[in-house]
Amino acid sequence: MQHFRNVQDVPDIQALVDLAFACKQDPRHLHGLGTGKTLGMVMLNPSTRTRISTQLAARHLGMEVVVFNADKDGWALEFGEDVIMNGTTVEHIREAAPVFGAYFDVLGLRSFPALQDAAADQSESILQQFVRYSGVPVVSLESATLHPLQSLADLMTIQALFQEKRKPRIALSWAPHMKPLPHCVANSFAQWITAWGGADFVIAHPEAYALDPAYTAGAEIVHDQQKALQGADFVYVKNWSATEPYGTMPCSDPSWMLHLDRLDITNNAHVMHCLPVRRNLELGADILDSTHSVVVQQASNRVWAAQAVLSQLLN
Ligand code: CP
């Protein structure tokens, strides 16, 4: 694996999941692979879980880690081509990325979409310029459209909890929110679950919130949450902003928020969320405080997912 930006960078999904489980069983699995190697984590946006779990993972492998809060502590970066830099940006990515590449053996990048222009976000321009100009393996710590480390941890969580011979039924359900959020977690979860192919997968959202078909092909898509929840073994709850018009929030219907009673028609479903979650806005506290919630398991699996990915990039 040269870079880790999306599921297409992964030659064998199940082998990577199995490697993550091996790391979970023995955190010192592959320890020493990272000796003398440095991970640089360039953070253009806030993070709790990704920031901490990736550092822990790198240290388990023996790597040194530098976290650079580029959004707060660095010179404002310019990503435009052929620009005259007479505005607020101070340093171009064409100089900054090779400098990072000179300092670090592996580079992590956290960036968010602007949610202004779908084509611009889909181009993944910021992530791709880090890849193009740094000259070292790049791991996405969440980008404009995807969050692959989260999805790998989510797939681990599903496989750990579901041991039956049949395929699990997994529902991804849109949830209300107070502000328009990126599509990354939902896109990425859909991309990984469909690429894995081991589930009956349904996505429920209000009209105007259709995800990019590039990520959802193979999933059943409904606008009736009840239909999606029927018989579900897992319900992944997540808000994302609309695609029509892009980046807006035309519907914030609170009836889409799940409470415990809504789970009656599921197969005693495990309820997932990537966190952070806004209680009683996005997801009912009665679910988060119940044994249905597996959000902490998901977050803890982030360490082992990152350890597996970093080990492959070091290889
Ligand atoms: N789920 C997730 O990526 O969490 P953070 O935003 O805290 O990193």
Report the label-to-label distance for Thr194 and Thr243 in nanometres (one decimal), using points 7 Å from each Cα along the Cα→Cβ vector. 0.9 nm
When 1/r is averaged over all different Cα pairs and the result inverted, which Kirkwood radius in Å belongs to region 1-61? 13.2 Å
Would you mind checking the tilt of helix 148-161 against the longest principal axis of the Cα atoms of the chain, expressed as 0 to 90 degrees and rounded to 10? 40 degrees
5 Å is the cut-off here: which amide hydrogens, built 1.01 Å from N in the peptide plane, fall below it relative to Val65, excluding neighbours closer than 5 in sequence? Leu39
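Restricting the count to DSSP beta bridges whose residues both fall in region 150-299, what percent are antiparallel, rounded to a multiple of 5? Intermediate values should be presented prior to the final figure.
Details: 1 of 20 bridges.
Of the beta bridges lying entirely in region 150-299, close to 5 percent run antiparallel.
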Taking R0 as 22 Å, what FRET efficiency do you get between Asn69 and Leu275 from their Cβ-Cβ distance, rounded to the nearest 0.05? 0.65
Which listed pairs, of Lys167/Lys238; Lys24/Lys72; Lys24/Lys165; Lys179/Lys227, have C-alpha distances above 30 Å, in listed order: Lys24/Lys72
On a 0 to 90° scale, report how tilted helix 184-196 is relative to the longest principal axis of the chain, with both axes built from alpha carbons and the result rounded to the nearest 10. 80 degrees
Send over a whole-number figure in Å² for the accessible area per residue of the chain, probe 1.4 Å. 42 Å²
Rounded to the nearest Å, the spacing of the alpha-carbon centers of region 279-297 and region 178-224 is 21 Å
Amide H of Tyr236: which non-local residues (sequence gap of 5 or more, or other chain) have their own amide H closer than 5 Å, using H built in the peptide plane? Ala171, Leu172, Ser173, Met272
Heavy-atom accessible area of Asp261 with all protein chains present, probe 1.4 Å, nearest 10 Å²? 110 Å²
Tell me the Kirkwood hydrodynamic radius of region 1-115 in angstroms, computed as one over the mean inverse distance between distinct C-alpha pairs. 16.1 Å
What do you reckon, how do Glu95, Glu207 stack up by accessible area (1.4 Å probe), largest on top? Glu207, Glu95
Normalised Cα Rg of the chain, dividing by 2.2 N^0.38 Å with N its residue count, works out at 0.99
What FRET efficiency comes out for Ala15 versus Leu161 if R0 is 22 angstrom and r is the Cβ-Cβ distance? Round to the nearest 0.05. 0.60
Per the Kirkwood formula on distinct C-alpha pairs, the Rh of region 72-178 is how many angstrom? 16.7 Å
Rounded to whole Hz, the Karplus (6.51, -1.76, 1.60) HN-Hα couplings of region 124-134, x for glycine and proline: 6, 4, 5, 4, 5, 6, 4, 5, 5, 9, 7
per DSSP, antiparallel bridges as share of beta bridges in the chain, % nearest 5, sits at 5 percent
Percent carbon-and-sulfur accessible area, region 150-299, ignoring ligands, DNA and RNA, probe 1.4 Å: 52 percent
For all pairs of alpha-carbon atoms in region 150-299, what percent lies in each bin of width 10 Å, listed from the first bin to the last filled one? 12, 47, 36, 5, 0
Nearest 10 degrees, 0 to 90: helix 13-25 Cα axis against the chain principal axis: 90 degrees
How far is the Cα center of region 1-36 from the Cα center of region 80-135, in Å? 26 Å
In range of the label at Gln8: residues from region 159-198 whose backbone nitrogen is under 16 Å from the point 7 Å along Cα→Cβ: 187-196
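The values are calculated or read from the model by the stated rules, or taken from the named source; none is laboratory data. Nothing here was measured: the structure is a model prediction, and the numbers come from that model. All Cβ positions, glycine included, derive from the backbone under ideal geometry; neighbour counts span all protein chains shown. In case anyone asks, the SASA skips ligands and DNA or RNA and just uses the protein heavy atoms, side chains included. Shrake-Rupley method; radii C 1.70, N 1.55, O 1.52, S 1.80 Å.
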